[in-house]
Amino acid sequence: MITSVRGLLEWKGTDQVFVNVGSVSFQVFVPTSTLDKLGPLGGRVQLHTYLHFRTDQVSLYGFSSAEERSIFHTLLGVTGIGPKLALSLLSSVSPDQIVAAVATDNVSYFTRVPGFGKKTASRLVLELKSELEKGKLGMPVGEAVQQDAEVAAALSALGYNSSEINQALASLQPEPSLSTEEKVKLALQRLSTR
């Protein structure tokens, strides 16, 4: 198993990179969250990787954190979710947001992700809920994370896309004294000024 790749960033695409490790270059598929964190071409990078085998193909998937890799691996265990769909989900939402949405049974949160219909989203919540209850997701669901999931669901219901929602959530300061409603209002104000 290849658990990480460290080398020079040779090329960046929309969902993949080439990493030169000595005299070998690896094609690594990455979520946009990881792609955004990589530096310029020619710079040194390290990716936490997952090697996926199919009968006709071997693919390497890379992530900026071990946490993202762990969630990716868990997503692959959900019926009907393959690597491309799992990568699409991680490109749209953070691991914390996934865990929070599962903890609050928020199926509609996942339906805004490309490739996720109501059936797939429902199955995801159902199957990951049991993993969460067993403590196998490896991430605690804090109150702030749950609140962020509720804010994201409210913004999604108002028609904002995942990129806008992630920007709004990133702009909110972690303020425990703010209610969910206050955070939604603040996020709407920030979105209206962009």
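Has region 49-69 got at least one residue that is at positive phi and either part of a helix (DSSP H, G or I) or in contact (Cβ under 8 Å) with a residue 40 or more places away in the chain (or both)?
no
A quick yes/no check of all residues on (1) modelled with pLDDT of 70 or more; (2) assigned to a loop (DSSP other than H, G, I, E, B):
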{"residue": "141", "(1), (2)": "no, yes"}
{"residue": "144", "(1), (2)": "no, no"}
{"residue": "149", "(1), (2)": "yes, no"}
{"residue": "152", "(1), (2)": "yes, no"}
{"residue": "155", "(1), (2)": "yes, no"}
{"residue": "166", "(1), (2)": "yes, no"}
{"residue": "169", "(1), (2)": "yes, no"}
{"residue": "173", "(1), (2)": "no, yes"}
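Do you know which of the residues in region 72-85 that are part of a helix (DSSP H, G or I) and touching a Ser or Thr at 6+ places or on another chain (Cβ under 9 Å) is surrounded by the fewest Cβ atoms within 10 Å (Cβ to Cβ)?
Only one residue fits best here, namely 83.
Evaluate the following for residue 90: is it assigned to a helix (DSSP H, G or I) and in contact (Cβ under 8 Å) with a residue 12 or more places away in the chain?
yes
Starting from residues that are farther than 14 Å from residue 59 by Cα, of a type outside the set (Val, Ile, Thr) and touching a strand residue (DSSP E or B) at 6+ places or on another chain (Cβ under 6 Å), keep the ones in region 1-38 and report whichever is surrounded by the fewest Cβ atoms within 10 Å (Cβ to Cβ).
Among those residues, the one meeting the criterion is 6.
The values are calculated or read from the model by the stated rules, or taken from the named source; none is laboratory data. Because the structure is predicted, anything quoted here is derived from the model rather than measured. Cβ atoms come from the backbone with ideal geometry, glycine included; neighbour counts cover every protein chain shown.
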